[in-house]
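The values are calculated or read from the model by the stated rules, or taken from the named source; none is laboratory data. If you're wondering where the values come from, they're calculated on a predicted model, not measured in any experiment. Cβ placement follows ideal geometry from the backbone for every residue including glycine, while neighbour counts extend to all protein chains displayed.
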């Protein structure tokens, strides 16, 4: 796994990892609030949960952006070198996909966390009403 981290570019993969940690921290904090029963206004609380989904979407877009940066650099190098073998070109494309896949995984994790927390909020507020 560390090989993929460094192959994808430590700066960009580090930023994506930081976003993942922030998403997890927000999700844990919100889960603690739900389990303690600190959900006073359902709409306000559910709005705060959308931060998880928004950060996940930002991670996906950031992963795509880093892939485009990598492809631009690779195409510039190919332009300077002239002729490049297809194996080298495909290897570069494979490496450029790492940050995009990582961003997509972070997005899926954040979306699943959001779905679970949103469902939990709905159930906890409906139980408080009864």
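Within region 36-52, if we keep just the residues that are modelled with pLDDT of 90 or more and surrounded by fewer than 18 Cβ atoms within 10 Å (Cβ to Cβ), the residue that is nearest to residue 96 (Cα to Cα) turns out to be 51. Note on region 21-35: residues that are more than 30 Å from residue 99 (Cα to Cα) and in contact (Cβ under 8 Å) with a residue 40 or more places away in the chain total 1.
Within region 85-113, being farther than 30 Å from residue 49 by Cα and either modelled with pLDDT of 95 or more or part of a helix (DSSP H, G or I) (or both) holds for 86, 87, 88, 89, 90, 91, 92, 93, 94, 95, 96.
Note on region 35-72: residues that are over 17 Å from residue 13 (Cα atoms) and not in a loop (DSSP other than H, G, I, E, B) amount to 16. In region 1-16, of all residues being assigned to a helix (DSSP H, G or I) and touching a residue at least 60 places away in the same chain (Cβ under 8 Å), the one that is nearest to residue 49 (Cα to Cα) corresponds to 16.
Tell me yes or no: at least one residue of region 101-119 is more than 22 Å from the chain's Cα centre (by Cα) and loosely packed, with under 13 Cβ neighbours inside 10 Å. For region 101-119, residues more than 22 Å from the chain's Cα centre (by Cα) and loosely packed, with under 13 Cβ neighbours inside 10 Å: absent. Looking only at residues in region 73-84 that are assigned to a helix (DSSP H, G or I) and in contact with a helix residue (DSSP H, G or I) (Cβ under 8 Å, 6 or more places away or on another chain), the one that is surrounded by the fewest Cβ atoms within 10 Å (Cβ to Cβ) is 78.
Mind checking whether some residue in region 9-17 is more than 14 Å from residue 109 (Cβ to Cβ) and surrounded by fewer than 11 Cβ atoms within 10 Å (Cβ to Cβ)? Yes, some residue in region 9-17 is more than 14 Å from residue 109 (Cβ to Cβ) and surrounded by fewer than 11 Cβ atoms within 10 Å (Cβ to Cβ). When 65, 75 are checked against the criterion of being at pLDDT 95 or above and over 30 Å from residue 31 (Cα atoms), 65 stands alone in meeting it. Hey, among the residues in region 90-100 that are free of Cβ contacts under 8 Å to residues at least 60 places away in the same chain and touching a helix residue (DSSP H, G or I) at 6+ places or on another chain (Cβ under 7 Å), which one's surrounded by the most Cβ atoms within 10 Å (Cβ to Cβ)? Top of the filtered list is 96.
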